[in-house]
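The values are calculated or read from the model by the stated rules, or taken from the named source; none is laboratory data. Just so we're clear, the structure is a prediction, and the values are computed from it rather than from any experiment. A quick note on method: Cβ atoms are made from the backbone with ideal geometry, for glycine too, and the neighbour counts reach across all protein chains shown. Side chains included, ligands, DNA and RNA excluded: accessible areas come from the protein's heavy atoms. Shrake-Rupley method; radii C 1.70, N 1.55, O 1.52, S 1.80 Å.
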Amino acid sequence: MKVDVLLGLQWGDEGKGKVVDYLAPKYNVVARFQGGPNAGHTLEFDGHKHVLHQIPSGIFRDKIKNIIGNGVVLDPVVFKKEIEGLAKFEIDLKANLFISKKTQLILPTHKLLDAAYEKAKGKDKIGSTLKGIGPSYQDKIARNGLRVGDIMAPGFEDRYRNLVGKHENTLKHYELEYDLAEVEAPFFEAIEFLRSFKLVNSEYLINKSVASSETILAEGAQGSLLDIDFGSYPYVTSSNTMTAGACTGLGVAPKNIGEVFGIFKAYCTRVGGGPFPTELFDETGEAIQKEGHEFGATTGRARRCGWLDLPALKYAIMINGVTQLFMMKADVLSILDEVKVCTSYKLADGSLTEEMPFQLVDEEVEPVYDTLPGWKVDVTGVKSMDDMPQELSSYIKYIEEATGVPIKIVSVGPDRTQTILR
Ligand code: GDP
Ligand code: IMO
Ligand code: MG
């Protein structure tokens, strides 16, 4: 069967983990195609709250193959911790988890380089999660990287030393104190641990599933506005977070992509630096942050909050070919009397545009808003669309009409069960 893709349409943290976990029973395979430990995907079910970073969010469901694809950058140390954190769930990880041999490895020095580059940027820093994402993708593209499959080859340690030597040369140009031995010991322990998992040519695994009657869900990390090509560059991550990234990050041909599920919050958040036209700096923003518990799942940093941005949403729908929308965190806006939606941007010359400007960073972009009535009722217990407050139904219809894409899931709370199918 074709590969369905689920991805974030904003600046990440839309609720991808929750929805992948919710949809997973319909699938035989769940595969991560890009990103790495910068991701934090939260799942809540049966009284548990669990954050996954590199392991696909299908892992809690029975009999699903979970694949870490070639497009991912994997930190073995984080991987080991994640696996240990899953011990209490008694999942047969050795049977259900597959890692592409082509997945790039994050070395301890990649994290040091990340810190050094960020520090050197000063006030212009990206606000990276400092997980070594940028430097490891940099090595991949520069054809220096080490891959998961390399850990099985006899010369691995020599190749590792060689690359670390290059990194240390670079680090000399930055003011960063570090103790390599201290970070290397857990790294080699984790490499040994990684060797005991199923390291595979995952492109064959996936394409065999495509050729058979198996169903496959590709799980994105980050969001379209953090895409290396189409996001708010340079305040982006270092991978293609869009549908096309699922093709290159798993080895799936474009003709084998099926549905594209685009997931967005009923409002907008961003963590880290960079432009955010609809950001709120007032008590409404604070109220949304508090009600939505908007603190990063990976770094704990406060997430900046703002109104839903339709030009940005439509842009993300366009570049991804989104076929279904899922709206998350509708319950959070219950606290507000009215809800605003940005419909266009007013540029410095006074003109209006519904397109994303080339340089969101420098352009003076003033959002133009529509105001809609709030719903002011607790919707966290709502189980069907029939019981939705009329104002929330109107909000949903408004977005569907503006985007031309149906909203098929409305999420009204963090738990698996707080999910309404339309
Ligand atoms: P991801 O990175 O896209 O998987 O999203 P995160 O897990 O980083 O952030 C989403 C946060 O919102 C998590 O804490 C989720 O438990 C929570 N969440 C997801 N859906 C809903 C929802 O509909 N309502 C509320 N209140 N919280 C939600
Ligand atoms: P999930 O998958 C939100 C942000 C960082 C920073 C920029 C670059 O949980 O949605 P990086 O570490 O990639 O070099 O950081 O991207 N960022 C995320 N923001 N959710 C994420 O992942 C993110 N992953 C990276 O805050 O601004
Ligand atoms: Mg997250």
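Å³ per residue of the Cα convex hull, for segment 137-247? Numbers along the way, then the final one.
Details: hull volume 17.4 nm³, N = 111.
Hull volume normalised by residue count: 156 Å³.
For q = 0.10, 0.13, 0.16 Å⁻¹, what log10 I(q)/I(0) does segment 14-94 give under the Debye formula with an equal point scatterer on each alpha carbon and no solvent? Taken in order of the listed q values, log10 I(q)/I(0) reads -0.20, -0.35, -0.55. Rg and Dmax over the alpha-carbon atoms of segment 98-182 stand at 13.4, 44 Å. The C-alpha atoms of the chain occupy a region whose extents along the principal axes are 64, 50, 40 Å, arranged from largest to smallest.
Whole number in Å², please: accessible area per residue of segment 1-81, 1.4 Å probe, ligands, DNA and RNA not counted. Could you put the intermediate results ahead of the total?
On the way: 2150 Å² over 81 residues.
About 27 Å² of surface per residue is accessible.
Averaging the Cα positions of each part gives two centres, and for segment 204-257 and segment 52-81 these lie 15 Å apart.
Between the residues L325, L308, T298, the greatest Cα displacement towards the positive end of the dipole of segment 291-331, with unit charges on the Cβ of Lys, Arg, Asp and Glu, is found for T298. Only helical runs count toward this figure. For the chain, summing -39,500 (n - 2.57) over DSSP H runs of n ≥ 4 and dividing by all residues gives -9000 deg cm²/dmol at 222 nm. Roll a 1.4 angstrom probe over the protein heavy atoms and tell me the percent of accessible area of the chain that is carbon or sulfur. Carbon and sulfur together cover 51 percent of it.
Only Lys, Arg, Asp and Glu carry charge here, each on its Cβ (+1 for the first two, -1 for the last two); on that basis the chain has a dipole of about 1560 debye about its Cα centre.
When only C-alpha pairs under 8 Å and at least 6 residues apart count, what is the relative contact order of segment 321-384, in percent? Walk me through the numbers on the way to the answer.
On the way: 79 pairs, mean separation 27.3, N = 64.
Computed over segment 321-384, the figure is 43 percent.
Contact order for the chain, expressed relative to its length and based on alpha carbon pairs under 8 Å spaced 6+ residues apart, stands at 20 percent. Normalised by 2.2 N^0.38 Å, where N is the number of residues, the alpha-carbon radius of gyration of segment 224-293 equals 1.40. Would you mind telling me the antiparallel percentage of the DSSP bridges in the chain, rounded to 5? Looking only at bridges with both residues in the chain, the antiparallel portion is about 40 percent. Calculated over segment 336-422, the projected area of the Cα convex hull averaged across directions stands at 7.3 nm². The label point for L421 and the one for T371, both projected 7 Å from the Cα toward the Cβ, are 3.9 nm apart.
Against the compact-protein benchmark of 2.2 N^0.38 Å, the Cα-based radius of gyration of segment 146-191 scales to 1.28.
Over segment 305-394, what is the percentage of antiparallel beta bridges among all DSSP beta bridges, to the nearest 5? Present the calculation step by step, with values, prior to reporting the outcome.
Details: 10 of 12 bridges.
Taking every DSSP beta bridge with both residues in segment 305-394, the antiparallel ones total about 85 percent.
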